[in-house]
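Here it is: the structure, laid out below.
The values are calculated or read from the model by the stated rules, or taken from the named source; none is laboratory data. Just so it is clear, the model here is predicted, and its values are computed rather than measured. Cβ placement follows ideal geometry from the backbone for every residue including glycine, while neighbour counts extend to all protein chains displayed.
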Amino acid sequence: MGRYSLIVGQGCAAGRREALRRLRAGIRFTAYCNAIDFRVPPDAPDVEFIRTAGEPAPEHRHPDLALRRDLWENHRDFLLRSRLGGRGSSAEARRAYVWGYQRPYDRRSRHANRFFLDPRTGWRDHYADLCAETMAEGGFDGVFCDNAGPRIEWNFAALPAELRPEVTDAEWSAAVAAMLAGVSRRLKRQHPGALVFANTCGGFVADDADDIRPTPFWRAADIDGAMDEFFAFAAGPNRGDGYLPEATWRRQVRAILCCESLGRGYLAQSNGREDDHAGRLYALASFLLAAGARSAFNYNPAAAATYSRVYRLPEWDLDLGPPAAQYGGLAEARDAGGGAVYARRFEDGFVAVNPSDEARSVRLGGRYGQVCLEGGTIARGGTVVIRLASRGLTLGPRSAAILSGRL
């Protein structure tokens, strides 16, 4: 833990946080505060509680049960309405109003009792108050606003059309950005050094461009940084082999460069198995192509989006030295790879990534050792092995190489 610089969550007790601060000067703790959705508590009135067989009751997993009960009982006006809201008989209107996002099309889903809040309502100011209270009462350094992205449509793609909310992506994007900016203003007014991060699931740069200019959403959000929850490599159910499409990969790497140019933080979160050495190296190398002083990386060697434990992988302790340059765009990385791959030179190393579907080769202008992995996490005996690399390096489809100049 002495090597970490940012911790996200509420499961770290105050005494442990103080011990870690003594161990690691400058470590920051941000409290997890879900910005958009919540689960109905099991004793909520007028709703059938659904959970997967064998799943623990929510009160054993969620510290905010009182908050969720308060929202359900006293602030249903904060809930996102479906298109049926306010139409038909009063019973039908109420049902459509409180459904918000319940996934009625799949009652077996673990999301069956999950509802969405509407950032265009009084929830916006209420949420800023909650973030301020959570940070102050818990002695945290800031907050992490989960599920606060600029897109709404993907959340409701499987819902019947008549149950989808009456909000466009553009309206949702503007409302969420305003909510995040409000949280930032509120916290920094009371605590000038407060950190505000969010899980925006992208939204940093345009999909169809090749530059690093920020989107209107990312400018308007006005926070310290954000996370791409599935960066470069994200193995898990319904995700195939884990390698993201090249266009998505390019957008994510450009997002790191965008954040660095704005002086904001970028949290790259990859997911996969600890024994998938190729996936682990691909994720880390992709991050190293663009990362600067404000970028952070994590690889979760478990099921995607399962963050109940803290891990450390041996490749994180590699010392390649400072990079030769901080790129201003992906074209510079492509040039460094001879036009065939994306690359970056470090004082004591070289990183190359091939996100394409065909093999690519690059000539090395020096003598390097190629980083290879054995085992899994450090706790399970995982280690780094350096083997002499040839001058002509060939990278297969969707692969990467991290090279060390220290042989």
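Here is a yes/no grid of residues against (1) surrounded by 11 or more Cβ atoms within 10 Å (Cβ to Cβ); (2) more than 16 Å from L318 (Cβ to Cβ):
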| residue | (1), (2) |
| --- | --- |
| V362 | yes, yes |
| G369 | yes, no |
| L373 | yes, no |
| I378 | yes, no |
| G381 | no, yes |
| I386 | yes, no |
| L393 | yes, yes |
| A401 | yes, no |
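Residue-wise test of (1) among the aliphatic types (A, V, I, L, M); (2) under 27 Å from V8 (Cβ atoms).
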residue	(1), (2)
L244	yes, yes
H277	no, yes
Y282	no, yes
Y299	no, yes
R312	no, yes
E332	no, no
D348	no, no
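Now a separate question. Among the residues in the stretch 295-302, are any touching a Pro at 6+ places or on another chain (Cβ under 9 Å) and not acidic (D, E)?
No, the stretch 295-302 contains no residue that is touching a Pro at 6+ places or on another chain (Cβ under 9 Å) and not acidic (D, E).
Considering each of D348, D357 in turn, give the residue that is surrounded by fewer than 21 Cβ atoms within 10 Å (Cβ to Cβ) and within 26 Å of Y311 (Cβ to Cβ). Let's see the steps before the verdict.
Working: D357 fails: within 26 Å of Y311 (Cβ to Cβ).
Checking each option against the conditions leaves just D348.
Sticking with this structure for a sec: Which count do you get for residues in the stretch 171-203 that are in contact (Cβ under 8 Å) with a residue 60 or more places away in the chain and not aliphatic (A, V, I, L, M)?
Final tally of qualifying residues: 1.
Does I212 satisfy the condition of being within 18 Å of the chain's Cα centre (by Cα), modelled with pLDDT of 95 or more and either buried (at least 19 other Cβ atoms within 10 Å of the Cβ) or under 24 Å from R81 (Cα atoms) (or both)?
Values: within 18 Å of the chain's Cα centre (by Cα): no; modelled with pLDDT of 95 or more: yes; either buried (at least 19 other Cβ atoms within 10 Å of the Cβ) or under 24 Å from R81 (Cα atoms) (or both): yes.
Considered against the rule, which asks whether it is within 18 Å of the chain's Cα centre (by Cα), modelled with pLDDT of 95 or more and either buried (at least 19 other Cβ atoms within 10 Å of the Cβ) or under 24 Å from R81 (Cα atoms) (or both), I212 comes out as no.
Residues in the stretch 118-137: is at least one closer than 21 Å to D224 by Cβ, aliphatic (A, V, I, L, M), at pLDDT 90 or above and not in a helix (DSSP H, G or I)?
No: zero hits.
Could you identify the single residue in R367, R387 that is more than 25 Å from P301 (Cβ to Cβ), basic (K, R) and in contact with a Gly (Cβ under 8 Å, 6 or more places away or on another chain)? First the steps, then the outcome.
Details: R387 fails: more than 25 Å from P301 (Cβ to Cβ).
One residue alone meets the criteria, R367.
If you don't mind, there's one more thing I want to ask. Run Y327 past the list (1) in a loop (DSSP other than H, G, I, E, B); (2) at pLDDT below 95; (3) surrounded by 16 or more Cβ atoms within 10 Å (Cβ to Cβ); (4) not hydrophobic (A, V, I, L, M, F, W, C) and report the number of the one that doesn't hold.
(2)
Condition first: surrounded by 21 or more Cβ atoms within 10 Å (Cβ to Cβ), farther than 16 Å from L284 by Cα and either at pLDDT 95 or above or among the hydrophobic types (A, V, I, L, M, F, W, C) (or both). Can you find one or more residues in the stretch 229-248 that meet it?
No: zero hits.
Residue-wise test of (1) not in a loop (DSSP other than H, G, I, E, B); (2) not hydrophobic (A, V, I, L, M, F, W, C).
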{"site": "M179", "(1), (2)": "yes, no"}
{"site": "S184", "(1), (2)": "yes, yes"}
{"site": "R189", "(1), (2)": "yes, yes"}
{"site": "D210", "(1), (2)": "no, yes"}
{"site": "I223", "(1), (2)": "no, no"}
{"site": "M227", "(1), (2)": "yes, no"}
{"site": "G236", "(1), (2)": "no, yes"}
{"site": "E274", "(1), (2)": "no, yes"}
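Oh, and also: Pairs needed: first member in the stretch 390-402, within 15 Å of D276 (Cα to Cα); second member anywhere, of a type in the set (V, I, T); C-beta distance under 6 Å; at least 6 residues apart or different chains.
If the second residue must be of a type in the set (V, I, T), the pairs left are A400/V353.
Out of L373, L395, which single residue is in contact with a His (Cβ under 8 Å, 6 or more places away or on another chain) and farther than 29 Å from P214 by Cα?
Values: L395 fails: in contact with a His (Cβ under 8 Å, 6 or more places away or on another chain).
Matching residue, one of L373, L395: L373.
Might you check whether a residue that is in contact (Cβ under 8 Å) with a residue 40 or more places away in the chain, surrounded by fewer than 20 Cβ atoms within 10 Å (Cβ to Cβ) and of a type in the set (D, E) occurs anywhere in the stretch 276-284? So that I can check it myself, show each step before the final result.
Initially, the stretch 276-284 is screened for residues in contact (Cβ under 8 Å) with a residue 40 or more places away in the chain, giving 276-284.
Still in the list and also surrounded by fewer than 20 Cβ atoms within 10 Å (Cβ to Cβ): 276-278.
From the residues that got through so far, the ones that are of a type in the set (D, E) too are 276.
Yes, the stretch 276-284 contains a residue that is in contact (Cβ under 8 Å) with a residue 40 or more places away in the chain, surrounded by fewer than 20 Cβ atoms within 10 Å (Cβ to Cβ) and of a type in the set (D, E).
Also, I was wondering about something else. For the stretch 382-395, state whether one or more residues are under 30 Å from the mean Cα position of the chain (by Cα) and under 21 Å from E246 (Cα atoms). Quick ask: steps written out before the conclusion?
Residues of the stretch 382-395 under 30 Å from the mean Cα position of the chain (by Cα): 382-385, 395.
Cutting the leftovers down to under 21 Å from E246 (Cα atoms) gives us 395.
Within the stretch 382-395, one or more residues are under 30 Å from the mean Cα position of the chain (by Cα) and under 21 Å from E246 (Cα atoms).
Kindly establish whether E162 is modelled with pLDDT of 90 or more, farther than 30 Å from A14 by Cα and not in a loop (DSSP other than H, G, I, E, B).
Working: modelled with pLDDT of 90 or more: no; farther than 30 Å from A14 by Cα: yes; not in a loop (DSSP other than H, G, I, E, B): yes.
Spelling it out, it is not the case that E162 is modelled with pLDDT of 90 or more, farther than 30 Å from A14 by Cα and not in a loop (DSSP other than H, G, I, E, B).
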